[in-house]
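Please read the structure below before turning to the comments.
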Amino acid sequence: MIQTDIIIIGAGPTGLFAVFEAGLLKLRCHIIDALPQPGGQLTELYPKKPIFDIPGYPSVGAGELIDNLMEQIKQFEPGFTLSEQATTIDKQEDGSFIVTTNRGTQIQGKAVAIAGGLGSFEPRKPVIDNIAYFEEKGVEYFVRDPEMFRDKKIVIAGGGDSALDWSIFLAEVAADVTLIHRRNEFRGALDSVDKVIELKKSGKINLITPAEIVGIKGEDKVEGLMIEKEGESFEIETDYFIPLFGLSPKLGPIANWGLEIEKNAIKVNNGLDYQTNIEGIYAIGDVNTYPGKLKLILCGFHEATLMCQSVYNRLNPGKKFVLKYTTVSGVDGFDGTRKEAEKAVVKAID
Ligand SMILES: Cc1cc2nc3c(=O)[nH]c(=O)nc-3n(C[C@H](O)[C@H](O)[C@H](O)COP(=O)(O)OP(=O)(O)OC[C@H]3O[C@@H](n4cnc5c(N)ncnc54)[C@H](O)[C@@H]3O)c2cc1C
């Protein structure tokens, strides 16, 4: 079992910054996210958009902000469990918690910080009768490891950026790539559409539009798909079917953890430390609610900071916490006691 101080559920900007604040206090963190990459909404929904309200950055790309946060927390060596959804939290007799994921990974920590944003991003699934049977048997809603498609036949469905970008990328990896979309026009970036059309002309991508996948064929795994195109039905052979119809956030298992929920968000004690109704479980960032709550990155950073100090105080009863400046103590810092702080200030004045 993985052991840590703070189990962070959600690798969006709030969860990532919490690792930094925890690191300053010498608290170790392990982050779980249902998505295959860190960044939450910023990476999943608007990676190329500029953000204008991060203090000190007149403008910063959403993807760039996540890259910078990852760089900033690297020094604290957080653990990551990606592509797994936290499904249960069990409080132990000693006050610690065990979080278990849908793939059976277990992490034990002294506190839990839920930084789950709008919830887990779950794939929008096409309505095909037997699709659930073929999940993990050739139906993949994410491209987690492109290498698994090397020299295989694949069919991608969708009309947005993910479908276009992965078709382009996997054209160099897979033996055969077919892109199917129910319209002739794509919603993705124009240069990606142009690239797909170029690859179609050079025979590297088969493009079938306007068409829909209406059935999956196979015994123990996907072997083929049934397609309907302009009133005609036909079958194509494939090893994998990758529907990329976007993701929709769902509060998911968080709703079953015995936490007080109000309007799809977790109620916390505003202004104190963002603890929930269960002692030791905190909720920070977009996932929480309290009077005056604003769902902004900046607010998530603030909440993460106060949460870490509260965890530090819970784990070190009797030890007086003193606010420290990174300008004075650096990131290695001191252990948070007044004596150490005074030493650091004296050193800085010298
Ligand atoms: C288009 C758009 C533009 C925006 N522009 C701005 C802006 O300019 N400025 C600004 O401040 N804010 C902006 N926002 C809002 C901002 O993105 C959010 O405030 C921010 O992403 C919240 O961060 P978070 O870390 O709390 O949650 P999220 O970014 O939502 O991350 C939460 C993560 O938790 C994971 N998760 C949830 N439940 C589980 C579970 N059970 N197990 C495992 N993982 C789980 C999710 O997969 C997700 O990755 C914008 C939002 C959108 C959609």
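Can you tell me the order of 134-144, 84-94, 236-246 when each peptide is scored by its average per-residue count of other Cβ atoms within 10 angstrom, highest first?
236-246, 134-144, 84-94
First check a/c for the range 33-130, with a ≥ b ≥ c the square roots of the eigenvalues of its C-alpha gyration tensor; if it is under 1.5, answer rounded, and if not, answer prolate when a/b is larger than b/c or oblate otherwise.
oblate
Can you order the peptides 266-279, 4-17 by their average number of other Cβ atoms within 10 Å per residue, highest first?
Output ranking for 266-279, 4-17: 4-17, 266-279.
Is the range 125-243 best put as rounded, prolate or oblate by its Cα gyration tensor, with a ≥ b ≥ c the root eigenvalues, rounded for a/c under 1.5, and otherwise prolate when a/b is larger than b/c, oblate when not?
Here the range 125-243 falls in the oblate category.
Roughly what % of DSSP beta bridges within the chain run antiparallel, to the nearest 5?
50 percent
With the Cα gyration tensor of the range 1-67 giving a ≥ b ≥ c as the square roots of its eigenvalues, does the rule (a/c under 1.5 for rounded; else a/b larger than b/c for prolate; else oblate) give rounded, prolate or oblate?
oblate
Would you work out which of Gly280, His30, Thr105 lies farthest towards the positive end of the dipole of the chain? Charges go on Cβ: Lys and Arg +1, Asp and Glu -1.
Toward the positive end, the furthest listed residue is Gly280.
Would you work out which of Thr88, Ile73, Ala62 lies farthest towards the positive end of the dipole of the range 57-108, given +1 charges on the beta-carbon of Lys and Arg and -1 on that of Asp and Glu, about the Cα centre?
So the residue we want is Thr88.
Ignoring everything except DSSP H segments at least 4 long, calculate the 222 nm mean residue ellipticity for the chain; use -39,500 (n - 2.57) per segment, divide by total residues, nearest 500.
About -7500 deg cm²/dmol.
What net charge is computed for the residues neighbouring Gly63, neighbours being all others with C-beta under 11 Å from the C-beta of Gly63, Lys and Arg scored +1, Asp and Glu -1?
Around Gly63, the charge tally is -1.
Enter the angle in degrees (range 0 to 90, nearest 10) between the Cα long axis of helix 13-24 and the first principal axis of the Cα atoms of the chain, meaning the one along which they spread out most.
Result, in degrees: 30.
Treating the angle as unsigned and between 0 and 90°, give the value, to the nearest 10°, between the Cα long axis of helix 338-349 and the longest Cα principal axis of the chain.
The helix 338-349 is inclined about 90 degrees to the chain.
Which angle between 0 and 90 degrees, to the nearest 10, do you get for helix 62-74 versus the longest principal axis of the chain when only C-alpha atoms count?
50 degrees
Which value, in debye to the nearest 20, describes the size of the charge dipole of the range 126-270 about its Cα centre when Lys and Arg Cβ atoms bear +1, Asp and Glu Cβ atoms bear -1, and nothing else is charged?
400 debye
Just so you know, all these numbers are worked out from the coordinates, no wet-lab data involved. The model shown is predicted, which means the values in this text are computed figures rather than measured ones. Because the Cβ atoms are built from the backbone with ideal geometry, glycine has one as well, and the counts that use them run over all protein chains shown.
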